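Written out below as structure tokens is the structure these notes cover.
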Amino acid sequence: MKPARIETEFPAPAYRGNQEQALADIRAAFEGGNDVVLVRAPTGSGKSLLARAIAGSARTASEAEAGEPIGAYYTTPQVSQLDDVAADDLLEDLELIRGKNNYSCILPGETDTPVDQAPCARERMFDCQVKHRCPYFSDRSIAANRPIAAMTLAYFMQTAGSDVFGQRDVVVIDEAHGLAEWAEMYATIDLSPRRVPVWGDVEPPDIDGPDRAEGYAERVMRIASRRQEELRGNAELDPEEVVERDRLTELGSELQWFLEDYRDPDSVTTWVVDQPDGAGTAVTIKPMNPERYLTHTVWDRGQKFALLSATILSKDAFCAGAGLDPSRVALVEVDHTFPVENRPLYDVTQGKMTYEERDRTLPRMAETLVRIMQAHPGEKGLVHCHSYGIQERLVDLLSEYGVDERVRAHDRENRDAVLSTWRRGDGNAVFCSVKMEEALDLEGDLARWQLLCKAPYPNTRDSRVAQRLENGQWGWYYRTALRTVVQACGRVVRAPDDYGATYLGDSSLLDLFERAQTDMPGWFAEQVDRMSTPELPELDAGAAVGEANSRSRSRSHRSTTRDSDGSHPLSDVWDS
């Protein structure tokens with residue numbers, strides 16, 4: 001790596017905000033001998049541009065000695081983040097590669113077939129005469145030979161050990177705050193009818209821990225391998241058989257990894273097993289502290305690493321979860337450039353949203369939401385419902401108030417389509433979302449306000465969460481929830497001249513702020529310190545449906561500028 005080149009590799013014609021200072025600090029951290037630099041950069045810092053500058057400092061072929069790796073990887077867990085990179089002209093030299101299922105075959109009669117189900121995947125010894133023009137293999141070849149290859153974290157991890165994507169000099173991971181959790185998720189083994197093609201032959205007994213899971217895993221591997229050999233013996237497979245074969249291959253790798261790691265006396269991984277419905281039902285085998293998995297899939301893939309996020313809250317905690325030596329890791333803090341008055345927090349808490357108290361709190365929260373809608377009659381809003389159960393109940397309550405014509409909601413299957421339609425709309429629709437606290441850009445009039453319905457604590461019924469709490473890891477519990485809140489608060493304020501209000505509906509959020517205070521970034525602590533209780537309008541469901549009067553229309557029209565006295569144009573709504 002050539003840290004001295006970081007500033008000159010910055011792709012934009014000019015710096016904005018704190019980018020120049022951030023690059024200087026990142027350069028100094030690498031020049032100080034650190035192998036890993038954590039960059040805590042809030043929304044609007046231009047993290048992708050910082051990432052490009054760091055990646056550009058990787059050794060080139062002319063600078064490397066024999067055997068030294070060259071080039072860089074850019075990776076992110078968020079598909080939407082990769083889409084943003086692809087659309088950014090300043091990042092055009094990041095060569096993108098996606099998974100096979102994102103590409104279509106170009107053979108006649110197969111143009112609607114994903115590459116992972118094309119004739120080359122279906123037919124043994126198939127000789128594709130146009131492989132050199134295949135969109136997947138073409139993109140893969142180009143990415144493998146360009147200085148910066150960009151891909152999702154899932155694809156990056158899946159290609160560990162690949163001859164095509166070997167070790168490079170620099171690895172840059174954007175939105176890296178959940179790296180350990182992503183690794184745990186990717187290494188989790190789901191043994192269920194949907195995920196095990198030979199389920200009818202391997203229905204499990206009662207599995208009460210990893211010891212019994214070990215024996216069951218061996219049995220599944222034997223039967224899966226037998227079926228896999230049958231499929232491989234066929235000269236040609238239909239698309240369903242291709243999917244089955246590939247899943248069996250994947251399953252074998254997952255189970256082999258578990259068995260090797262579980263039997264390794266030196267492994268630091270703790271394995272937990274869930275089978276909530278007992279014998280004959282789905283089994284989930286989950287790793288905790290997946291240091292070995294991260295070593296293989298991430299840390300062995302580069303020599304220097306830059307990990308960027310707004311919510312790497314604690315260097316030591318992050319290092320512990322990711323298997324890093326803190327003495328070889330530096331944390332660079334980038335200050336927020338958005339005025340704190342443009343990103344206010346408002347306390348409209350109506351009680352706790354725990355499972356036991358939710359039924360009492362939700363009706364009050366629904367009424368408060370109607371009043372918030374009244375305060376923003378001509379503006380779109382986002383509601384973070386946390387779960388589909390909360391979302392469904394809240395939408396029902398809003399319907400009882402007669403404001404459902406302004407409400408939009410999604411389910412698991414149509415979330416992207418409904419989100420896209422809502423984003424394109426020009427009206428005042430309120431989007432009731434689930435798990436959209438991250439990677440959602442609602443700059444400007446896309447959304448001017450949002451409501452957080454529930455403190456996003458990890459689910460204590462998850463065996464990994466329960467195990468951590470049993471081990472006294474309450475700091476992790478509160479940091480994880482705070483990280484999600486901080487991410488959520490950044491959805492509606494995306495630029496220095498943007499603004500948006502965040503309303504807090506669950507009183508447990510206030511408790512979270514107290515418990516996790518020492519882990520808050522300074523810029524977010526400033527928001528919390530300024531939090532106030534707004535004077536919302538008296539309940540009038542009719543007024544919540546649209547722009548109720550000329551004053552609200554005028555206010556909405558003025559929303560892109562400040563008033564002549566410098567105050568924010570929505571202060572008359574929030575504080576009147």
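On the accessible surface of the range 162-269, probed at 1.4 Å, how many percent belong to carbon and sulfur atoms? Intermediate values should be presented prior to the final figure.
Working: 2320 of 5100 Å².
Carbon and sulfur atoms account for 46 percent of the accessible area of the range 162-269.
Looking at (1) 151; (2) 181; (3) 292, which value of volume of the Cα convex hull per residue in Å³ comes from a calculation on the structure shown?
So the structure-derived entry is (2).
Just to confirm the filter: which trypsin sites (Lys or Arg not before Pro) across the range 163-248 are DSSP coil and have at most 16 other Cβ within 10 angstrom of their Cβ?
Numbers: sites: ARG168, ARG194, ARG195, ARG212, ARG219, ARG222, ARG226, ARG227, ARG232, ARG245, ARG247; in loops: ARG194, ARG195.
Counting only loop positions with at most 16 other Cβ atoms within 10 Å, the trypsin sites (Lys or Arg not before Pro) in the range 163-248 are ARG194, ARG195.
How much length is gained if the chain between VAL202 and HIS132 is pulled fully straight, taking 0.36 nm per residue apart and subtracting their Cα-Cα distance, in nm to one decimal?
On the way: separation 70, 0.36 × 70 = 25.20 nm, distance 4.15 nm.
Full extension of this stretch gives 21.1 nm more.
Only residues of the range 154-198 count here: report those whose backbone N is under 19 Å from the spot 7 Å along Cα→Cβ of SER62, or say none.
Counting backbone N atoms under 19 Å from the label point, the list is 169.
If a/c stays under 1.5 just call it rounded; otherwise compare a/b with b/c (prolate if a/b is bigger, oblate if not). Do that for the range 414-466, with a ≥ b ≥ c from the square roots of the Cα gyration tensor eigenvalues.
Values: a/c = 3.01, a/b = 2.23, b/c = 1.35.
Since a/c reaches 1.5 and a/b is larger than b/c, the shape of the range 414-466 is classed as prolate.
About its Cα centre, what dipole magnitude does the range 42-120 give when the only charges are +1 on Lys and Arg Cβ and -1 on Asp and Glu Cβ, stated in debye to the nearest 20?
Details: 5 positive and 13 negative charges, 48 e Å.
The dipole of the range 42-120 has a size of about 220 debye.
What FRET efficiency would be calculated for the residue pair TYR355, ARG124, taking the C-beta separation as r and a Förster radius of 45 Å, to the nearest 0.05? Mind dumping the intermediate values first?
On the way: r = 53 Å, r/R0 = 1.18.
Computed FRET efficiency for TYR355 and ARG124 comes out at 0.25.
Could you give the length gained by full extension between SER80 and GLU20, i.e. 0.36 nm per residue of separation minus their alpha carbon distance, to one decimal place?
On the way: separation 60, 0.36 × 60 = 21.60 nm, distance 2.61 nm.
Value of the extension gain: 19.0 nm.
Of all accessible surface on the range 368-416 at a 1.4 Å probe, what whole percent is carbon and sulfur?
Within the range 368-416, the accessible surface is 37 percent carbon and sulfur.
Taking the Cα centre of the range 443-516 as the origin and placing charges on Cβ (Lys, Arg +1; Asp, Glu -1), which of GLN467, GLY505, PRO456 is farthest toward the positive end of the dipole?
GLN467
By what distance, in whole Å, do the Cα atoms of the range 28-80 stretch along each of the three principal axes, largest value first?
Ordered largest first, the range 28-80 gives principal extents of 40, 28, 16 Å.
For the range 213-340, what does the convex hull of the Cα positions come to per residue, in cubic angstrom? Before the final figure, lay out the partial values.
Working: hull volume 28.7 nm³, N = 128.
Once divided by residue count, the hull of the range 213-340 is 224 Å³.
For a paramagnetic label modelled at 7 Å from the Cα of ARG212 toward its Cβ, which residues of the range 458-472 fall within the zone defined by backbone nitrogen distances under 19 Å?
462-464, 467
Which of the chymotrypsin sites (Phe, Trp or Tyr not before Pro) across the range 283-359 are loop residues per DSSP, with 15 or fewer other Cβ within 10 Å?
Numbers: sites: TYR293, TRP299, PHE305, PHE318, TYR346, TYR355; in loops: TYR355.
Of the chymotrypsin sites (Phe, Trp or Tyr not before Pro), the ones in loops of the range 283-359 whose Cβ has at most 15 other Cβ atoms within 10 Å are TYR355.
How large is the dipole of the range 180-308 about the Cα centre if only Lys and Arg carry +1 and Asp and Glu carry -1, each at its Cβ, rounded to the nearest 20 debye? Could the numbers behind the result be given before it?
Values: 15 positive and 28 negative charges, 58 e Å.
For this selection, approximately 280 debye.
If you stretched the chain out fully between ALA495 and ALA235, how much longer would it get, using 0.36 nm times the residue separation minus the C-alpha to C-alpha distance? Write down the numbers at each step before the final one.
Numbers: separation 260, 0.36 × 260 = 93.60 nm, distance 5.70 nm.
Residue separation times 0.36 nm, minus the Cα-Cα distance, leaves 87.9 nm.
Consider all pairwise Cα distances in the range 1-58 and report the whole-number % of them above 14 Å. Walk me through the numbers before you get to the answer.
Details: 792 of 1653 pairs.
Tail of P(r) above 14 Å: 48 percent of Cα pairs.
Considering only DSSP states other than H, G, I, E and B, which GluC sites (Glu not before Pro) in the range 1-71 qualify as loop sites with at most 15 other Cβ atoms within 10 Å?
Details: sites: GLU7, GLU9, GLU20, GLU31, GLU63, GLU65; in loops: GLU65.
In loop regions of the range 1-71 (DSSP not H, G, I, E or B), the sparsely surrounded GluC sites (Glu not before Pro) are GLU65.
Work out the FRET efficiency for ASP335 and ALA87 from their Cβ-Cβ distance, taking R0 = 22 Å, and round it to the nearest 0.05.
0.20
Considering only DSSP beta bridges with both partners in the chain, what is the antiparallel share in %, to the nearest 5? Before the final figure, lay out the partial values.
Working: 10 of 56 bridges.
Once the DSSP bridges in the chain are tallied, antiparallel ones form about 20 percent.
So how strong a dipole does the range 2-159 carry about its Cα centre when Lys and Arg Cβ are +1 and Asp and Glu Cβ are -1, to the nearest 20 debye?
Values: 16 positive and 22 negative charges, 48 e Å.
Using Cβ point charges on Lys, Arg, Asp and Glu, the range 2-159 gives about 220 debye.
Measure off 7 Å from each Cα along the Cα-to-Cβ vector at LYS315 and ARG146, then give the distance between these two points in nanometres to one decimal.
3.4
In whole Å, largest first, what are the principal axis extents of the Cα atoms in the range 112-208?
Sorted largest first, the three principal extents are 50, 41, 24 Å.
With a 1.4 Å probe and every protein chain kept in, tell me what percent of the accessible surface of the range 282-332 is carbon plus sulfur.
Details: 740 of 1590 Å².
Carbon and sulfur: 46 percent of the exposed surface of the range 282-332.
Counting alpha carbon pairs within less than 8 Å and at least 6 residues apart, what relative contact order, in whole percent, applies to the chain?
Dividing the mean separation by the residue count of the chain yields 17 percent.
Per residue, how much accessible area does the chain have with a 1.4 Å probe, in Å²?
That works out to 44 Å² for each residue.
Report, in deg cm²/dmol and to the nearest 500, the calculated mean residue ellipticity at 222 nm for the chain, where each DSSP H run with n ≥ 4 adds -39500 (n - 2.57) and the sum is divided by the residue count.
Numbers: 21 runs with 221 residues, N = 576.
Here the helix-only value at 222 nm equals -11500 deg cm²/dmol.
Which is farthest toward the positive dipole end of the chain among TYR155, VAL493, MET288, measuring Cα position about the Cα centre, with Cβ charges +1 (Lys, Arg) and -1 (Asp, Glu)?
Value: VAL493.
Arranged from highest to lowest average of other beta-carbon atoms within 10 Å per residue, in what order do the peptides 199-205, 250-256, 362-368 appear? Don't jump to the answer; show the numbers that get you there.
On the way: 199-205: 14.4, 250-256: 16.7, 362-368: 19.3.
Listed from highest to lowest mean packing, they are 362-368, 250-256, 199-205.
The values are calculated or read from the model by the stated rules, or taken from the named source; none is laboratory data. What you are looking at is a predicted structure, and each value in this text was computed from that prediction instead of being measured. Positions of Cβ are backbone-derived with ideal geometry, glycine not excepted, and every protein chain shown enters the neighbour counts. These area figures cover heavy atoms from the full protein model, side chains too; ligands, DNA and RNA do not enter into them. Shrake-Rupley method; radii C 1.70, N 1.55, O 1.52, S 1.80 Å.
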